[in-house]
Every structure is written in C-alpha cells, then in structure tokens.
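The values are calculated or read from the model by the stated rules, or taken from the named source; none is laboratory data. Predicted model only: the values in this text are computed from it and were never measured. Here the Cβ positions follow ideal geometry from the backbone for every residue, glycine too, while neighbour counts run over all protein chains shown. Heavy atoms of the whole protein, side chains included, go into the accessibility calculation; ligands, DNA and RNA do not. Shrake-Rupley method; radii C 1.70, N 1.55, O 1.52, S 1.80 Å.
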Amino acid sequence: MKADSLTISLKTPNYTTARRMVERINQSFNGAAYAKDGGSVAVKTPEELKSNIVKFVSMIENIDVKPDNTAKIVVDEKTGTVVMGESVLISTVAVSHGNITVQVKEDAKVSQPMPFAKGRTVATPDTQIKVEEDRGRWVVIPEGISIRELVNAMNATGVPTRDIITILQTIKAAGALYAELEVI
C-alpha cells in the first residue's frame, strides 16, 4: 500500500499539543508535518517510506510528544479531597484564615430594695459577651510556584483540608487561580 500523506487525529484536541506534535515530527522528517487545526496534524510521507507505510506510521507513533494539559483542580466537598494537576498556576495572592468565637453568658442578678423601702425584689439579667478571634496568619503565595510549594503554603496556614477548599474557591473568585475548579 502506498500513501502520499496521512492525518493524525488528536484524542483530545488542543492547539498547543498539535503544535508540539508538528515540531517533533518535523525534527525527524524535515518539513513533513503541519497542523490542520487543533485536532489534526497532516504528515507527508517521505519518498523512501511511501512503499512501507507501516514503518512510517510506527516511526511517528514512537515520537514522544508531551500533550498540553488543562489546568484543573477537582474538589470533593463531602470527603474533603483536593486533587491538583501540575499545570495549575496562580497569581501572587495573600491568604489569611482566622476563626471568630462568640460566647454569650447570661446570669440573673437579684435586685432587692433596702429594708423598709417600698420597692419589690426583681431579677435583672447580667449579660456578658466575649468575642475571641484567633490570630489569622497571612501567607503570601507568589506567582509561578510549584504544586508542592502551593500545598506547603496552604498547610502553613494551619487550616484543615475542608477550609482549603474554601480558600481555593476564594482564590478562583479573586481571579488569581488559572485553573478550572471542579467541585463534585
């Protein structure tokens, strides 16, 4: 079987992956490939391999191309699971997480009139309100850090995973997270 050209269809269409594939094929077969679009690459069969298309396809098949991945974070709120891919990027952002505790204590005080006075004994409430705020620590997460550094920075805030989910959602809402955030 002879073939002058073939078309490679990408399983997951992506312009960056198509460009990378063209570059890698053209390193092996000078000028043979071009991207038709984000989902397909056309390759001209070299003259010496037109009669052995299986060998040509096998050679192309064995060319390593790193596909472009969509930056994505998947969060399971029920279990508190967070999974992030390596292509997740963030802009510089400062994160603080603190807790406020409000305690309301009410005691009844008795107010009695002086002896021989014409007043009556009454109960009056004595309300005490105490507000405590744990000191939230600010953590600056710089732009372009690795996932390992992001996780370490999140852990440095001392918050549980379920609160980290809220922090990630807030970073996304602030426009500093360059990744798809999927909550399941």
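Residue pairs whose Cβ atoms lie under 9 Å apart, separated by 6 or more positions or on different chains, with the first residue in the range 19-30 and within 11 Å of residue 44 (Cβ to Cβ) and the second open to solvent by less than 40 Å² (accessible area, probe 1.4 Å) and in a helix (DSSP H, G or I), are 25/60; 29/49; 29/56; 29/60.
Do the conditions hold for residue 75, that is, is it in contact with an Asp or Glu (Cβ under 9 Å, 6 or more places away or on another chain), closer than 30 Å to residue 181 by Cβ and outside any loop (DSSP other than H, G, I, E, B)? I'd like the intermediate steps shown before the answer.
Values: in contact with an Asp or Glu (Cβ under 9 Å, 6 or more places away or on another chain): yes; closer than 30 Å to residue 181 by Cβ: yes; outside any loop (DSSP other than H, G, I, E, B): yes.
Yes; evaluated as a whole, the condition is true for this residue.
Scanning the range 164-184 for residues being open to solvent by 50 Å² or more (accessible area, probe 1.4 Å) and out of contact with any Asp or Glu (no Cβ under 8 Å at 6 or more places or on another chain) gives a total of 9.
Residues considered: 108, 35. Of these, the only one that is modelled with pLDDT under 80 and open to solvent by 30 Å² or more (accessible area, probe 1.4 Å) is 108. Does the range 9-23 include one or more residues that are farther than 19 Å from residue 68 by Cα and open to solvent by 40 Å² or more (accessible area, probe 1.4 Å)? No, the conditions are met nowhere in the range 9-23.
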